[in-house]
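Data first, discussion second: the structure below is written as structure tokens.
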Amino acid sequence: MGWWQVNADTLAGSRFVISPLAEVFASLTLLHSASGSHPGEQEWLRTHLPAYRALLARDSVTASLVRAGLGREWIADFLTPTPYDGEDFGDAVARVRQVGGARARAHLRMSLAGALPAELERDDLPERAAALLEWVWEETVLTCWERRRRVLEADVVARTAQVSRGGWAAVLDSLRPGTRWLGENRFQVNPHEYPPREIAGAELVFVPVTPRTGWVSWEDGRRYAVVYPCVGALAGDGGPRVPASLGGLLGPGRAAVLVLLASPMSTTQLVAVTGQGLGSVGRHLRVLRDAGLVLRRRAGRSVLYTRTAAGDVLVEAAGARPEAPTGDPSTPAAIV
């Protein structure tokens with residue numbers, strides 16, 4: 001298995017980071033696979049896949065670059081620079097553009113585990129990669145970025161609350177298939193037989209994305225990132241799946257709120273994820289609290305709501321279990 005050796009200081013200093021570039025690269029992998037895992041992704045693909053395919057059909061070099069860069073198990077490292085907290089898309093994609101041609105080709109050979117196709121023996125590959133990422137950002141992500149960002153923020157709040165309840169081990173075990181805390185300062189990042197990496201003293205960040213994919217990246221042994229898919233109930237554009245029986249009992253809007261509250265969320269985040277108005281969400285929360293199905297607590301400057309044990313029993317009895325992220329565990333800089 002692939003695992004990292006960490007220490008208490010590394011974990012204590014780690015944090016969650018939202019990265020527009022990571023979201024764009026995850027969206028590129030979704031376009032490349034052309035396979036959505038839930039209705040929201042499928043609708044997004046129906047909207048954007050024809051233009052993406054037409055773009056690659058007009059540019060065979062970039063098409064070959066995508067195939068080589070995504071590889072079978074290893075993503076070319078220059079395509080996934082380790083995110084910085086607060087870095088906007090323009091600054092992040094500039095780091096892709098600044099990679100030298102020789103370095104990009106070396107990363108692609110590692111991704112392919114062999115020789116490059118003849119059409120990729122050129123120096124403009126970083127520029128082509130940056131231009132493609134800019135196209136994905138401008139044409140497929142930018143118009144919905146604010147909604148996606150709110151979904152990502154909701155996931156971060158939920159994971160942060162999970163740390164406070166169960167410690168980092170609980171979070172690391174649930175990031176995605178293949179990640180788990182092994183004990184003795186060992187964090188498994190994938191199930192493959194790669195040599196362990198000593199990252200004690202390095203900066204470690206966790207980066208959510210809405211497509212169901214993930215990878216890890218690192219930068220000069222100083223900064224490491226684990227990119228993981230949002231909790232399933234938060235990742236879809238279509239909202240949570242609510243059984244008809246639960247919707248009939250509580251009303252579809254109130255039932256949707258209750259299903260989402262398997263993880264702590266604020267009123268603002270519930271509004272963003274459900275699409276319901278602030279007044280409606282507030283009324284639903286009051287009724288659910290009065291019924292003993294939801295409780296409220298403060299976490300820093302946020303007020304978070306989560307289900308009580310009684311709420312869990314009701315949701316589980318109706319069969320409304322939030323989906324876990326699907327897919328095979330990712331490898332270092334690899335797609336799941």
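The values are calculated or read from the model by the stated rules, or taken from the named source; none is laboratory data. Computed from a prediction, not measured in an experiment: that's the story for all the values here. For neighbour counting, all protein chains shown are included, and Cβ atoms are generated from backbone atoms with ideal geometry for every residue, glycine included. Heavy atoms of the whole protein, side chains included, go into the accessibility calculation; ligands, DNA and RNA do not. Shrake-Rupley method; radii C 1.70, N 1.55, O 1.52, S 1.80 Å.
Residues that are in a loop (DSSP other than H, G, I, E, B), at pLDDT 90 or above and surrounded by 14 or more Cβ atoms within 10 Å (Cβ to Cβ) within region 270-306 comprise A291, L293, listed in sequence order.
So in region 125-174, with the set limited to residues that are of a type in the set (V, I, T) and free of Cβ contacts under 8 Å to residues at least 40 places away in the same chain, which one is least open to solvent (accessible area, probe 1.4 Å)? First the steps, then the outcome.
Step one: filter region 125-174 for residues of a type in the set (V, I, T), giving 136, 140-141, 143, 151, 156-157, 160, 163, 171.
Imposing the further condition that a residue be free of Cβ contacts under 8 Å to residues at least 40 places away in the same chain reduces the set to 143, 163, 171.
Details: T143: 127, V163: 35, V171: 0 Å².
Of everything passing the filter in region 125-174, V171 is least open to solvent (accessible area, probe 1.4 Å).
Under the condition of being free of Cβ contacts under 8 Å to residues at least 60 places away in the same chain, part of a loop (DSSP other than H, G, I, E, B) and open to solvent by less than 50 Å² (accessible area, probe 1.4 Å), the residues counted in region 183-224 number 1. Scanning region 70-79 for residues that are under 17 Å from the mean Cα position of the chain (by Cα) and open to solvent by 10 Å² or more (accessible area, probe 1.4 Å) returns a single hit, L79. A residue that is under 18 Å from E203 (Cβ atoms) and either surrounded by 16 or more Cβ atoms within 10 Å (Cβ to Cβ) or acidic (D, E) (or both) occurs nowhere in region 49-69. When you look at P229, is it open to solvent by 30 Å² or more (accessible area, probe 1.4 Å), in contact with a Pro (Cβ under 8 Å, 6 or more places away or on another chain), under 25 Å from P81 (Cβ atoms) and of a type outside the set (D, E, K, R), yes or no? The answer is no for P229. On the given criteria, is V17 touching a Leu at 6+ places or on another chain (Cβ under 8 Å) and under 24 Å from P208 (Cβ atoms)? In short, no. For the residues E146, E153, E138, E127, the requirement of being part of a helix (DSSP H, G or I), touching a Lys or Arg at 6+ places or on another chain (Cβ under 8 Å) and not aliphatic (A, V, I, L, M) singles out E127.
Please report, ordered by residue number, the helices (runs of 4 or more DSSP H) entirely within region 1-81 with at least 2 residues that are of a type in the set (V, I, T) and at pLDDT 95 or above. Step through it out loud before you land on a result.
On the way: elements: 8-13, 20-33, 39-58, 60-70.
Fully inside region 1-81 and qualifying: 20-33, 60-70.
When residues in region 105-124 are screened for being in contact (Cβ under 8 Å) with a residue 40 or more places away in the chain, assigned to a helix (DSSP H, G or I) and more than 26 Å from the chain's Cα centre (by Cα), 2 of them pass.
Quick one: how many residues across region 84-104 are assigned to a helix (DSSP H, G or I), aliphatic (A, V, I, L, M) and surrounded by 15 or more Cβ atoms within 10 Å (Cβ to Cβ)? I'd like the intermediate steps shown before the answer.
First, the residues of region 84-104 that are assigned to a helix (DSSP H, G or I): 89-97, 101-104.
Right, trim to aliphatic (A, V, I, L, M) and you get 92-94, 96, 102, 104.
Those still in the list that are surrounded by 15 or more Cβ atoms within 10 Å (Cβ to Cβ) too: 92-93, 96, 104.
Residues flagged as assigned to a helix (DSSP H, G or I), aliphatic (A, V, I, L, M) and surrounded by 15 or more Cβ atoms within 10 Å (Cβ to Cβ) within region 84-104 amount to 4.
May I ask you to verify whether A113 is touching a Phe, Trp or Tyr at 6+ places or on another chain (Cβ under 8 Å), surrounded by fewer than 20 Cβ atoms within 10 Å (Cβ to Cβ) and at positive phi? Criteria met by A113.
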